[in-house]
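Visitor: I am attaching a structure below and will ask some questions about it afterwards.
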Amino acid sequence: MPRFSANARFTIGSGNSAWNYTANASTEFSNNTSLTHGNHNLQFGAQYLFLQYVTRNDYAPGLTASSVFTTLGMADFAMGMIGSLAVGNSRDFGANSNSFYVYVQDDWRATPRLTVNLGLRYELPRPWYQPNGRGVTFIRGYQSNRFLNSPEGFAFQGDPGIPNAIIKNTYNDFGPRIGFAYDLFGNGRTAIRGGFGIFFDALNANTSGSGAPYTYRAQYTNPNGSFSQPLLGNPSVPANYTTPDKAKFGQPLSISFADPDVTPAYTEAINLSLQQKIKSATVEMLYVGKLSRHLLAAYDLNPSIYDCSGLYFQADPVKYCTGASTSSDSYSARSRYPGFNYGGQGLVNLNSIASSSYNGFEVIYIQRARNFLNTTMSYTYSKSLDTGSNNTSNYASTPNPDNINLDYGPSDFNSTHILNMGWTLQSPKMKRGNAFTKMLLNDWQFGGIFNARTGHPFSPTLTIDASLTGEPNQRPPLAPGYTHYVPLPSNRHRVDKVNEWFNVCSFASNASSTANTCGVASPIPAGYKNGVSRNSLVGPAFIESDFSLRRALRVNHEKWQLQLRADAFNIWNTPNLANPLTAISPSASTANSLPAGKILATVGKGGSVGTNGRRVQLAFIIRY
C-alpha cells in the first residue's frame, strides 16, 4: 500500500507497510584464561566472530502533499497534488563479516591501598562483503566489465581492481586500557578511581555498498504527476533484478557506497571519581569524558549546482542561475553528476568523517537498607556534541554536503541537567497483634522513581529550498537586523509557550511583509549556503514520577511465589511537552495553519510521542 501524507497533518500507511524480512546471525568462538600469581591477576583471551546480515523488502511508494501549489497541505492533498514522491523496487541485500580479537589484562595489587589495571586489546575487523557478489561502489570515470550497460562511475564486486570487500582492511586497531583504584586513607571508606581506554566501534553492513541494478530508489520534488499518475513525465520503476543479462539501470540512478578509506570509529574514554562511604550510604563524584573520532556519516556527492558568479554560471547562466528553480527538471539538469538522483538519495558516500564528544560531571548517592529504606539519587551536568546523532542510514541528511563540519553541535539527545531518584520502602515487621492484622500490614513494599531533565535541542528549518541545491534540512539564517537569536520572555504563561515556543521572527524565511506574522519582510540573502548552527534551540523540560506498591503473599509451597502489584506511571499526570514544530514557511496560510514554534504533542519516556498521560496497571503475579 502506498504511503500518503499531508504536510505534517496526517499520514496514511507506513514506510514499513510493504513486505519485509530481516535476519541477523552470529557465530562466535572464544577462549578466556585467568591466572593469579602473587599480587597479579592476569587475564588473556581471543575471539573469532562471524556475522551475517540479510534483509529483503519491497518498497512502499510515498506521496506527500506539502502546500507547494495552494499554500495549504490539506488543499494540495484534496486536489491530489504531489510535493514529494518516493518510489522504488524490491531489495535483496546480504552481507558477511569476519573479525578477530585478542586481549591481555593485568590487575596488579601494587600496594595494600593501590590496585592498577593495565590492558591491551587488538582488533582485526575484516570489512563487510556481499557473498552473493552484489557489492557496489562508485569510481569517477570507471566503466564496469560485469555490466557493460552500466553508466560511467559504477564499479561492482568482481570487476577488475574491485575486491570482494569494497573498503580496505585496517591493521592498527590497538586499544590500550589503564585504570587504578586507591584507598586514600587506608580505612576502606574513601577511594579515588580513574581510567582511560580506547574502544573501537564496528562498521555496519551498509559499507558493502547498495545500488543499481540490484535495487532502485528515486525521489522527486514537485513532480509533474498527481496521485492518479505519480510518475507522469518521469521514468517508470524498473523491474526487480534477476540475472546480469537482464540488469536495468533505471534513471534517476542511485547508489550508496563506502569510501575505500573508511576506518573503524574509536572512542577515547576517560573517567575520574572520588567515592566516600558515610555509615550505610555512599557518595560518589565523578567526571566522565568520551571523545569519538572517525564516526561514519552519509553525505551527498550530487547536490544540484546553483552558481551566479563562478564557472558553472559562465558555462550556462540560465541553467545554473537565472533559470534555476525547485522543479524536478531543474534539479536534474543542475546535478553535479547528471543522471543520478538528487536530494541526498542519489550518490551517497559513507565516510568516517564525523566526530562527537561528551563531558559530564555526576554525583551519585546510594543509601542501602537503613530503617527499611533503600534510596538512590544521581545528578548529571553534561554536554554532548556531535556531527549527527543518527548516522546509520543510507540517506544523506546534511544541508551542506561540501562542509559537514557545519553540522557539529549539541546532540539530539543532549540534556544539560538530569536528575534521577529512586526509593524502596519496606513496611515494618509487625510481631504483635492477631494473625489477620499481621497478614494485612506485613510484607508491603512502596517504591518510586522520579526523573527530571532539561529539554532536548532542536533546529529551526525552512520549508523552502533556499540554496536551490535540493538538499534536506536547510536551516534559516538570522532575519535582517538580527545579530543573534533573541529569545522570548521565559516568564510567559504556559499557553503562550505552547503557541510559540521560540521566536520565529529572529529567522529569515523569504516571507513578504504581508505574509509574515512578524509584520516585516524577511528575505534570505542571495548566495545562501547555511543558516544558524545545528540544534541551537532547546525544547521543553521533562519531569515524571512513578509509584509502585507491592505485596508478597506467603503460600505453603516452596516453589510458588505470589505477588500483588499496583504501578502508576506519571502519577501526577504532568503534561510533558514535545519539541515544537520547527519548519518556518514563507506562506501566510501555512504559517497560520502549522505555525513554527507551536507545540502539538506531549512526550513520554524515551522521547515516545503520545505516551505521556497517567497510566495505572494492576497485576497478580505467580512465579513457579
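The values are calculated or read from the model by the stated rules, or taken from the named source; none is laboratory data. Everything numeric here is computed off the predicted structure, so don't read it as measured data. Here the Cβ positions follow ideal geometry from the backbone for every residue, glycine too, while neighbour counts run over all protein chains shown. All accessible areas refer to the heavy atoms of the entire protein, side chains included, with ligands and DNA or RNA removed. Shrake-Rupley method; radii C 1.70, N 1.55, O 1.52, S 1.80 Å.
Visitor: If you check 47, 52, 43, which single one turns out to be over 30 Å from residue 166 (Cβ atoms) and surrounded by fewer than 19 Cβ atoms within 10 Å (Cβ to Cβ)?
Guide: 43
Visitor: Determine which member of the set 304, 355, 389, 382 is among the polar types (S, T, N, Q), touching a Lys or Arg at 6+ places or on another chain (Cβ under 6 Å) and farther than 24 Å from residue 225 by Cβ.
Guide: The conditions single out 355.
Visitor: Next question, about the same structure. Checking the structure you have, find out if any residue of the stretch 83-98 is among the hydrophobic types (A, V, I, L, M, F, W, C), surrounded by fewer than 16 Cβ atoms within 10 Å (Cβ to Cβ) and either modelled with pLDDT of 95 or more or closer than 30 Å to residue 462 by Cβ (or both).
Guide: Restricting attention to the stretch 83-98, the residues satisfying the condition of being among the hydrophobic types (A, V, I, L, M, F, W, C) are 85-87, 93, 95.
Then keep just the ones that are surrounded by fewer than 16 Cβ atoms within 10 Å (Cβ to Cβ); that gives none.
Within the stretch 83-98, none of the residues are among the hydrophobic types (A, V, I, L, M, F, W, C), surrounded by fewer than 16 Cβ atoms within 10 Å (Cβ to Cβ) and either modelled with pLDDT of 95 or more or closer than 30 Å to residue 462 by Cβ (or both).
Visitor: Using the structure shown, decide if residue 50 is in contact with a Phe, Trp or Tyr (Cβ under 7 Å, 6 or more places away or on another chain), touching a residue at least 12 places away in the same chain (Cβ under 8 Å) and not basic (Lys, Arg).
Guide: no
Visitor: Here is a follow-up. Being of a type in the set (S, T, N, Q) and in contact with a Pro (Cβ under 9 Å, 6 or more places away or on another chain), is that true of even one residue in the stretch 316-325? Write out each step before concluding.
Guide: Going through the stretch 316-325, the residues of a type in the set (S, T, N, Q) turn out to be 322, 325.
So of that shortlist, the ones also in contact with a Pro (Cβ under 9 Å, 6 or more places away or on another chain) come out as none.
The answer is no; no qualifying residue exists.
Visitor: Right, residue 113: charged (D, E, K, R) and within 28 Å of residue 25 (Cα to Cα) or not?
Guide: No.
Visitor: May I ask you to verify whether residue 590 is part of a loop (DSSP other than H, G, I, E, B) and either at pLDDT 90 or above or open to solvent by less than 60 Å² (accessible area, probe 1.4 Å) (or both)?
Guide: Spelling it out, it is not the case that residue 590 is part of a loop (DSSP other than H, G, I, E, B) and either at pLDDT 90 or above or open to solvent by less than 60 Å² (accessible area, probe 1.4 Å) (or both).
Visitor: Ok, one more. Among the strands (runs of 3 or more DSSP E) confined wholly to the stretch 338-426, which include 1 or more residues that are of a type in the set (Asp, Glu) and surrounded by 21 or more Cβ atoms within 10 Å (Cβ to Cβ)? So that I can check it myself, show each step before the final result.
Guide: On the way: elements: 347-370, 373-386, 417-426.
Answer list for the stretch 338-426: 373-386.
Visitor: Kindly check whether there is at least one residue in the stretch 435-452 that is open to solvent by 60 Å² or more (accessible area, probe 1.4 Å) and in a loop (DSSP other than H, G, I, E, B).
Guide: no
Visitor: Going through the stretch 308-337 one residue at a time, which ones are over 30 Å from residue 217 (Cβ atoms), in a loop (DSSP other than H, G, I, E, B) and open to solvent by 30 Å² or more (accessible area, probe 1.4 Å)?
Guide: 308, 309
Visitor: For the stretch 267-281, what are the residues that are at pLDDT below 95 and either open to solvent by less than 60 Å² (accessible area, probe 1.4 Å) or touching a Pro at 6+ places or on another chain (Cβ under 9 Å) (or both)?
Guide: Within the stretch 267-281, 280, 281 qualify.
Visitor: Against the definition (closer than 28 Å to residue 298 by Cβ and part of a loop (DSSP other than H, G, I, E, B)), how does residue 228 come out, yes or no?
Guide: No, not satisfied.
Visitor: Looking only at the stretch 439-466, which residues are at pLDDT 90 or above and either on the phi > 0 side of the Ramachandran plot or small (Gly, Ala, Ser) (or both)?
Guide: 447, 448, 452, 455, 459
Visitor: Follow-up question, since we're still on this one. Has the stretch 83-105 got at least one residue that is in contact with a Pro (Cβ under 8 Å, 6 or more places away or on another chain) and in a loop (DSSP other than H, G, I, E, B)?
Guide: Yes, because at least one residue in the stretch 83-105 is in contact with a Pro (Cβ under 8 Å, 6 or more places away or on another chain) and in a loop (DSSP other than H, G, I, E, B).
Visitor: State the number of residues belonging to the stretch 107-150 that are assigned to a loop (DSSP other than H, G, I, E, B) and within 24 Å of residue 210 (Cα to Cα).
Guide: 21
Visitor: Need pairs with beta-carbon distance below 8 Å; first residue farther than 19 Å from residue 529 by Cα and touching a residue at least 40 places away in the same chain (Cβ under 8 Å) and within the stretch 305-334, second among the aromatic types (Phe, Trp, Tyr) and outside any loop (DSSP other than H, G, I, E, B); sequence gap 6+ or separate chains.
Guide: Final answer for the pair search is 328/220.
Visitor: Additional query: Based on what the data block shows, is residue 597 of a type outside the set (A, V, I, L, M, F, W, C), surrounded by fewer than 15 Cβ atoms within 10 Å (Cβ to Cβ) and either modelled with pLDDT of 80 or more or under 20 Å from residue 457 (Cα atoms) (or both)? Even if it seems obvious, please write down each step before you answer.
Guide: Numbers: of a type outside the set (A, V, I, L, M, F, W, C): yes; surrounded by fewer than 15 Cβ atoms within 10 Å (Cβ to Cβ): no; either modelled with pLDDT of 80 or more or under 20 Å from residue 457 (Cα atoms) (or both): yes.
Considered against the rule, which asks whether it is of a type outside the set (A, V, I, L, M, F, W, C), surrounded by fewer than 15 Cβ atoms within 10 Å (Cβ to Cβ) and either modelled with pLDDT of 80 or more or under 20 Å from residue 457 (Cα atoms) (or both), residue 597 comes out as no.
Visitor: On the basis of being open to solvent by less than 40 Å² (accessible area, probe 1.4 Å) and in a loop (DSSP other than H, G, I, E, B), does residue 545 make the cut? Spell out how you get there, then give the answer.
Guide: Values: open to solvent by less than 40 Å² (accessible area, probe 1.4 Å): yes; in a loop (DSSP other than H, G, I, E, B): no.
Here the answer is no, as residue 545 does not meet what is asked.
Visitor: Any idea which residue in the stretch 9-40 is farthest from residue 227 (Cα to Cα), counting only those that are among the aliphatic types (A, V, I, L, M) and open to solvent by 60 Å² or more (accessible area, probe 1.4 Å)? Write out each step before concluding.
Guide: Within the stretch 9-40, the first condition is being among the aliphatic types (A, V, I, L, M), and the residues that meet it are 12, 18, 23, 25, 35.
Restricting the remaining residues to those that are open to solvent by 60 Å² or more (accessible area, probe 1.4 Å) gives 12, 35.
Details: 12: 14, 35: 70 Å.
Ranking the qualifying residues of the stretch 9-40, first place goes to 35.
Visitor: Scan the stretch 239-266 residue by residue and report those that are part of a strand (DSSP E or B) and either open to solvent by 40 Å² or more (accessible area, probe 1.4 Å) or not aromatic (Phe, Trp, Tyr) (or both).
Guide: Within the stretch 239-266, 253, 255, 256, 258, 265, 266 qualify.
Visitor: Within the stretch 136-144, does at least one residue satisfy the condition of being at pLDDT 90 or above, aromatic (Phe, Trp, Tyr) and closer than 14 Å to residue 207 by Cα?
Guide: yes
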